[in-house]
Amino acid sequence: VAITAGDDKFWMKNKGRPFPEVAEAVHQELEACRAAEQEIKRLKDVMGDESDAVTANDKLASTVSSLPELMEKKKRVDMHINIATALSESIKSRSLDKFYEVEEKVMTKAALEESVLDVLRNPDIGSPADKLRLFVIYYLSASELPDTELQVYIDTLQEFGCDTSCIQYLSKLKQFSSAQSLVQNNLNYNQSSYSSMSNMFKYVKQSSKFMMEGVKNLVVGNRKLPITRIVDCLSELKQSSDTDDYLTLDPKIFRKDNSFVPSSRTAFNEVYVFMVGGGSYVEYQNLMQYAEQHQDKKIYYGSSEVMDSSNFLQQLNKLGSQ
């Protein structure tokens, strides 16, 4: 049996939920099937009792008529159980629950029972990609990391076969972000002569902030990711520094001349989000959760490519090796 998105009600209902909730939902579906089977057996048993025979016969006839549907449901539940079991085994074999816990604490600045370095050095948990992902989150969440300490982490990761080229790129990104503030605070540029340079620093700062905040929100929970906050602010006309530089291009508003930019805005409920570059299922799902909370909105999401964490790390490593 293959999952057909439109026909599989369980998939449509649970496709965006966290794994523990999905596992519980599978268990509930299985129990419902077992309860139906037990009811059929019970009705058969009471058929011999004359006082209940007529009522039991009617109920049994009704139940039997729904038997094909019940069998199909049981088949699909078994399929989802197999998928959930395979996922559970993968989670346990890589100790992903441990990494989830540490990553959550790193991003929320909570106290760690075991240091990130100790987790990385543990040979019994995680794949090289899991260890590298944890360090990337830790590195982007940390305000400062001395070069000597950074080298210890790099050496540890390399001992487990990790490609650490991405750390070079992330280090440059953090330096650019810091340099932008320093340059703007200490130099008085002529706006007309240096507008392109100012814009360069501005976009570097924005992209750096977007990436770092996005990484900090990988374990989403009920939080809004940056892209979801932007959609919320733009569509609901909320004031935010994240959307100050967005333009309103409305063909219905008469344009007086080439320099005229419409300043009037109206709220809207149909939203098309397109990421130039890599998009992710996490962003998509966060937007869909937002749409569920705002039933009047229709949100469509697209990107140049959809990436998982492995693809993202590979691209960072490629950037770091250039």
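What does the C-alpha gyration tensor say about the overall shape of the stretch 106-166? Classify as rounded when a/c is under 1.5, otherwise prolate if a/b is larger than b/c, or oblate. It is oblate, given that a/c is not under 1.5 and a/b is not larger than b/c. Distance between the modelled labels on residue 289 and residue 176, one decimal in nanometres: 2.9 nm (7 Å Cα→Cβ projection).
Within the accessible area of the stretch 102-161, the carbon and sulfur atoms contribute 48%, probe 1.4 Å, all protein chains present.
Say R0 is 51 Å: what FRET efficiency, to the nearest 0.05, do residue 88 and residue 266 get from their beta-carbon distance? Display every interim value, and only then the final one.
On the way: r = 48 Å, r/R0 = 0.95.
FRET efficiency, residue 88 to residue 266: 0.60.
Packing-wise, with mean Cβ within 10 Å as the measure, how do 231-242, 135-146 rank, highest first? Don't skip to the answer; put the middle values down first.
Values: 231-242: 14.5, 135-146: 16.0.
Final packing ranking: 135-146, 231-242.
Residue 24 exposes around 90 Å² of accessible area when a 1.4 Å probe is run over every protein chain in place.
The values are calculated or read from the model by the stated rules, or taken from the named source; none is laboratory data. If you're wondering where the values come from, they're calculated on a predicted model, not measured in any experiment. Because the Cβ atoms are built from the backbone with ideal geometry, glycine has one as well, and the counts that use them run over all protein chains shown. Each accessible area value is taken on the protein alone, full model and side chains, heavy atoms only, with ligands, DNA and RNA left out. Shrake-Rupley method; radii C 1.70, N 1.55, O 1.52, S 1.80 Å.
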